[in-house]
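Let me begin by presenting the structure, written as structure tokens, before commenting on it.
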Amino acid sequence: MLDATTAPGYGFWHKSFHWIVFALIAAEYIDGSVMPHIGRNTQDEGWVHWHFVIGAAILFFIVLRLVWRVMRPVALLPIPTWQAHLAHVTHILLYVLIVVMCVLGWAATGDRGWTVWLFGVIPLPALAAKGTPWAHTAGDIHDILLYVLLAFIVLHIAAALYHHFIVRDRVLQRMLPGG
């Protein structure tokens with residue numbers, strides 16, 4: 001039976017995908033805060049271009065992370081049932097929000113006729129034709145969901161810190177290198 005001292009941590013790939021996605025999302029929030037507002041005359045260059053490249057990388061790695069998680073599930077530490085349910089719902093919503101935000105942003109580039117490049121070298125097909133009204137709306141929803149995603153990220157971090165500093169179990173430690 002698993003307990004707080006014997007439950008295995010996450011493996012190399014679980015941790016790698018987690019921290020790669022974390023770093024890319026952090027970079028995306030930074031890029032999004034410094035890039036110009038996308039208006040009528042905005043060009044797909046500089047910070048705007050990097051926003052799309054990072055977004056495509058996030059989608060790529062979150063899909064890999066989901067596949068790996070399904071193929072190699074890791075048991076939760078024994079925690080109260082309400083915490084396990086909250087953790088489960090929060091993780092699902094994080095994945096859904098990240099994928100939805102990436103797809104909405106990708107669709108919004110179609111409204112402008114721009115190409116999204118995976119890793120800056122592989123062009124991805126447009127999800128919408130230039131000038132498609134729903135693609136413009138997708139961009140507006142993308143802009144709103146960035147705050148919802150940020151709230152769930154803060155909740156996720158707060159829960160990890162709560163477990164580390166208050167409960168003093170291995171929940172956070174299992175995702176850290178060497179944990």
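The values are calculated or read from the model by the stated rules, or taken from the named source; none is laboratory data. From a predicted model like this one, the values you see are computed outputs, not experimental measurements. Here the Cβ positions follow ideal geometry from the backbone for every residue, glycine too, while neighbour counts run over all protein chains shown. Note: areas computed on protein heavy atoms with side chains; ligands, DNA, RNA excluded. Shrake-Rupley method; radii C 1.70, N 1.55, O 1.52, S 1.80 Å.
Where does the Debye-calculated log10 I(q)/I(0) of segment 6-81 sit at q = 0.11, 0.16, 0.26 Å⁻¹, using only Cα point scatterers of equal weight, no solvent? Debye intensities relative to I(0), on a log10 scale: -0.42, -0.69, -1.14.
Surface exposure of the chain, expressed per residue as accessible area with a 1.4 Å probe, stands at 60 Å². The label-point distance for Tyr29 and Val100, in a model that sets each label 7 Å from Cα toward Cβ, rounds to 1.9 nm. Overall, the accessible surface of the chain at a probe of 1.4 angstrom is composed of carbon and sulfur to the extent of 72 percent. Estimated at 0.36 nm per residue, the fully extended path between Gln173 and Met71 surpasses their Cα-Cα distance by 34.5 nm. Grab the other residues whose beta carbon is less than 14 angstrom from that of Ala160, score K and R as +1, D and E as -1, and report the net. Net charge in that neighbourhood comes out at +3.
FRET efficiency for the pair Gln43 and His88, taken as 1/(1 + (r/R0)^6) with r the Cβ-Cβ distance and R0 = 35 Å, rounds to 0.25.
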